[in-house]
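> Just passing along the structure, written as structure tokens.
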Amino acid sequence: MTELHPLLAERRSTRAFDAGRDLHRDELVALLEAARWSPSAGNSQPWRFGVATRGSAAYDGLFASLAPGNQAWAGNVSALVLAAAITTGPDGTPLPWAHYDTGQAVAHLTVQAQALGLDVHQMGGFDRDAAAAVFDLGVGVEPLVVVAVGLHDAQLTLPEPFASRETAPRNREPINELLLTPVVAALPLSA
């Protein structure tokens, strides 16, 4: 059986980040390049990123938009990145694939971070209006997720319930549970 690539197999959504590690410019550029080269419907590239590095006013504003549960651990991250989707075309027609395409761009950013030895944690718990205001997003640009980026700190002690989540095994549904149709008997899929 073909092995899952280590960049995917070893990825975790850590909450324990090194507060002393800044994100280097070349690392940030590599993350954004990975997102930039992800596929999109009709090459529309509907994603937009608001980058906020620790110590900046944008970081403080984006951090303030996070839900309290995310603020409890996200203060140590090197950067917060707001991923947003352009949801309408220049002529005002909806772009129904924009969310999907933006998700792919974030996935590419995530794999690139893993390749660089960095970690990310994607967060849906944030105030979208407040986050949009930080980057002055216009009409038709929808905030989707805030991505915490930094270096994992294995020595950091997190408060509960985050400490136990940090060391819990990664669980995923079996492949057969994810399929919409029964698997052909000739396709042996792992459980």
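Laboratory data are not the source of any read-out in this text; all were calculated from the coordinates shown. Keep in mind that what you see is a predicted model, and the values were worked out from it rather than measured. Ideal geometry is used to build each Cβ from the backbone, glycine not excepted, and the neighbour counts take in all protein chains shown.
> Looking only at Cα atoms, what is the convex hull volume of the range 10-157 per residue, in Å³?
On the way: hull volume 15.4 nm³, N = 148.
Each residue corresponds to 104 Å³ of Cα convex hull volume.
> Assuming 0.36 nm per residue, please report the length gained on full extension of the stretch Ser56 to Ala154 beyond their Cα-Cα distance. Don't skip to the end; give the middle numbers.
Values: separation 98, 0.36 × 98 = 35.28 nm, distance 2.56 nm.
Here the segment from Ser56 to Ala154 would lengthen by 32.7 nm.
> Provide the net charge surrounding Leu118, with neighbours chosen by a C-beta distance below 15 Å and charges set as Lys +1, Arg +1, Asp -1, Glu -1.
-2
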